[in-house]
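The values are calculated or read from the model by the stated rules, or taken from the named source; none is laboratory data. As the structure is a prediction and not an experimental result, all values here were calculated from the model. As a convention, Cβ positions derive from the backbone with ideal geometry for all residues, glycine included, and neighbour counts pool all protein chains shown.
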Amino acid sequence: MSSLHVVDWLIILGYFGIILGLAWWVIRQRNQNSEDYFLAGRNLGWFVVGASIFASNIGSEHLVGLAGSGTTDGVAMAHYELHAWCLLVLGWVMAPFYMRSKVFTMPEFLEKRFSPASRTVLSVISLVAYVITKIAVGIFAGGIVFGVLLPDVNFMGLDSFWIGSVLVIVLTGIYTILGGLRAVAYTEALQTIILIIGSIMVTYFGLEALGGWDAFRASLDSEMFNLWKPLVPEGIESTWVPVKEAGKMAWYFNDNYPWIGMLFAAPIIGLWYWTTDQYIVQRVLGAPNQMEARRGTIAAAFLKLLPVFIFIIPGMIAFAIAQQGISPEIAKELIGPDGEVIRVNAQKAFPLLVTQILPIGIRGIVVAGLLAALMSSLAGVFNASATLFTMDFYQRIRPNVSQERLVWIGRVATVVMVIIGLVWIPVIQGSRGLYDYLQGVQAYLAPPIFVVFFFGVFFKRLNAKGSLAAMLSGFALGIIRLAIDTPVKMIEGFTYDQGSFLWIINNIFFQYYGLIIFIVSAAVMFIVSYMTEKPDYKKISGLAFGLVSEKDKEETRKSWTAIDVVTSSIVVVLILAAYLYFTG
């Protein structure tokens, strides 16, 4: 039976009505050309840019995954959430180059900086990655949320997993198809507010049930509040040697995150995601100028600091409530007979708090926040994928096509993504360990993209041949790892012979393997570039440091004020303060 009261349902229905009404209002504002449909006419204000970036990032995997990690490992995963500084890099370093280039997509920027071949390779990889990661993870995590909120709902033989997933995919697809980025961005701005308010309520009522923050801290082992503990394995607390256990290098999977991986690999993934991924950067491209784009990224950086407190902390609160027996229902789900947390059920922590701790009415607001997370992340990937397909493939094949035709193709591409999302539901529902498997995918696909973008912007001498060689070699290493990992993750009981080559590759710690890909890609890019001809600097003017005109430099200088510097500095101070506070 549903744990939601009729009041909660009325609030949820009201949420759907407001979202669809806002989307309809945005859609009716103007006739759409390709720039309006895919980039909102390059007219998004800084708040909409920032809120849209945050909403696109915060999907159901955060509600499920981050809260679950809080339940099992405390604040360990906060390392990734404190990568808000990457958004400052986007606004201050990369955005001026993107804005000057007037591109629709990140692959298009690579074409201008390097070659059409670089654009094609990145477009293909991005589209495939969006299907197998962002859509897949979103639906998987969303199914878990609905399974907890509405465990006994059935309709025409479909359980709550199917009903919830289909409903969210279809409703999100409708306004994404009709309204493009403008509808996505404005609805995401509203969804951000709902999501934050709802998540803060979960934290507030959870802490109230425990007796406040001090009682909460006292109820858990201090190591759960230690950001650094996961980086130092047992037995070697006095040093930061990157080992799995005394005397043995940490090349193999374990519960620790060696500091080398966190210090070097994690930022590579963060910078790739926040500064080069179409899924995120498309919102910045929708800003009218560098000032609005930069301020949007600063706003998003502030918002990005919240997940530690509105997702990870609630997961820890759920564990504390279960341990103390405050909620027998939560304890039954999260605590095993041995008194330890049931790790496979930890992903239910956030929705369990919603159903068991929150009062009537408040529960409806929070569920609306959960739906906001589901819808915003799916809307973002639908729109980004449609933009990539239309602008990087269709328009290149049909360069003289009309604006109306481009918009129509964009809508068709979005419909296809919605259908793929629906088809994925039984695949995800029947897969073993898919969610955990997908966590490593970004570590294998991101490094070569990071290399060609950042090194391409910072080193003008690097050329098209170097870029293409770096991407192909890096992606080859990533695909090899994914091919080796897949049978182990997806087939019950499958394993490689211990000590064999395939076993070694499969067991290299994913962050270390990502570093290997990064080093190989970077080396290949420099070697090939310097062994071949220089790029034509006139053709890539303004797209790399050392090739920016004085006029462009002056334009960038005028786009920021002391307010931007101060607010960016505050973000950095808050990140450092979080690291200092969570020291056990």
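Structure notes:
Each row is one residue, and each column tells you yes or no for (1) under 22 Å from Ile268 (Cα atoms); (2) surrounded by 15 or more Cβ atoms within 10 Å (Cβ to Cβ); (3) over 28 Å from the mean Cα position of the chain (by Cα).
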| position | (1), (2), (3) |
| --- | --- |
| Val457 | yes, yes, no |
| Gly466 | yes, yes, yes |
| Ala469 | yes, yes, no |
| Leu477 | yes, yes, no |
| Gln498 | no, no, yes |
| Phe509 | yes, yes, no |
| Ser521 | yes, yes, no |
| Glu533 | no, no, yes |
| Asp536 | no, no, yes |
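- Phe393 assigned by TED's automatic domain parsing to the domain that holds Val202, surrounded by fewer than 24 Cβ atoms within 10 Å (Cβ to Cβ), part of a helix (DSSP H, G or I) and touching a residue at least 60 places away in the same chain (Cβ under 8 Å): yes
- Selection count where residues are assigned to a loop (DSSP other than H, G, I, E, B) and either without any contact (Cβ under 8 Å) to a residue 40 or more places away in the chain or not hydrophobic (A, V, I, L, M, F, W, C) (or both), scope the stretch 342-375: 3
- Exactly one residue out of Ala386, Ala346 is in the same structural domain as Val128 (by TED's automatic domain parsing), within 23 Å of the chain's Cα centre (by Cα) and within 30 Å of Val7 (Cβ to Cβ), and it is Ala346.
- Filtering the stretch 33-58 to residues that are surrounded by fewer than 24 Cβ atoms within 10 Å (Cβ to Cβ), modelled with pLDDT under 85 and not in a helix (DSSP H, G or I) leaves Asn33, Asn43.
- So Val572, is it under 25 Å from the mean Cα position of the chain (by Cα) and over 29 Å from Val441 (Cβ atoms): yes
- Residues in the stretch 321-341 that are over 26 Å from Gly369 (Cα atoms) and not in a helix (DSSP H, G or I) were compared, and the one that is modelled with the highest pLDDT is Ile335.
- When the criteria are applied in full, Ser569 meets the requirement of being surrounded by fewer than 15 Cβ atoms within 10 Å (Cβ to Cβ), free of Cβ contacts under 8 Å to residues at least 24 places away in the same chain, assigned to a helix (DSSP H, G or I) and among the polar types (S, T, N, Q).
- Residue within the stretch 399-406 that is in a helix (DSSP H, G or I) and buried (at least 24 other Cβ atoms within 10 Å of the Cβ) present: no
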